[in-house]
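Taken together, the values in this text are just the output of simple stated rules run on the coordinates, not laboratory data. Bear in mind the structure is a predicted one, so any value in this text is a computation, not a measurement. All Cβ positions, glycine included, derive from the backbone under ideal geometry; neighbour counts span all protein chains shown.
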Amino acid sequence: MSKEPVVQQEIVTAFPNTKEVRYDNELNRIPIGFMNESEQNIFFAILSQVKETSERKTKLSFTQIRELASFQKTSNKELIKSLDNMTTKLASLNVRIHNQQQIIKFTLFPTFQIDGDQQTLTVAVNEDFRYIVNDLAKGFVTNFDIEEFTSIKSKYAKTAFRLAREHENEVFDVVLKDFKELFSIPKSYRPTDINRLILTKVSKILQEYFTVFEITPVQDEKGKAHRIIAYRFNIGKRILRNLDEPRQISLLDD
């Protein structure tokens, strides 16, 4: 008797599937800070819908994406442009994951089909990276509500928020090279620029989300010029926020 062919399944999510974003902490090591605010919102909105599913593909309507990502522009053309820009930027990443001796092309969504006529997005998660959104039982995960994430009006603060959610109630250092990569700091920025244009403003934003939120430079005390070698994050407990309260005014020009 011949076996029936295996049919790859596709799931159409029934909105809202969930508004919780939940992923392996490894994603916080991947520098996606170069995406703008809207692109980050869309990216994590998609992650909220593809996590912990056995289906090969997930289909989302433009309406779902707008609602989850708090995408304010009403034109489908603008949404399609943001979707296309986001996946193009992700595909350009070369990252080290798990095996520090190998550089891997980070293609999280090998299938990323935008259908303007049907107003849908169909995505498939790369099997090589499925553990990021599917193998979450081990406990080393970052989680937050997508509405909370989209309420943060700064691409730099969004990156800091994700790190803070992973390291809640902790103090930790990020070495200078990794800090600049994770936050996509412009190469022209001097330490004074980073402090004035990023750290001060990010701290002001995220102090509304954590009982303590501080980022301070760590200097090389052995060097002559006391050069900065890392940035220290001091994170308190998460503040439970009323997501229905008025949204923030952006403090940063992203």
Residues residue 61 and residue 232, FRET efficiency given R0 of 51 Å [Cβ-Cβ distance, rounded to 0.05]: 0.75
Cα-Cα pairs of segment 127-238 separated by more than 21 Å (percent): 42 percent
Sort 112, 161 so the one with the fewest other Cβ atoms within 10 Å of its own Cβ comes first. 112, 161
Using R₀ = 30 Å, calculate the FRET efficiency as 1/(1 + (r/R₀)^6) where r is the Cβ-Cβ separation of residue 216 and residue 72; round to 0.05. 0.30
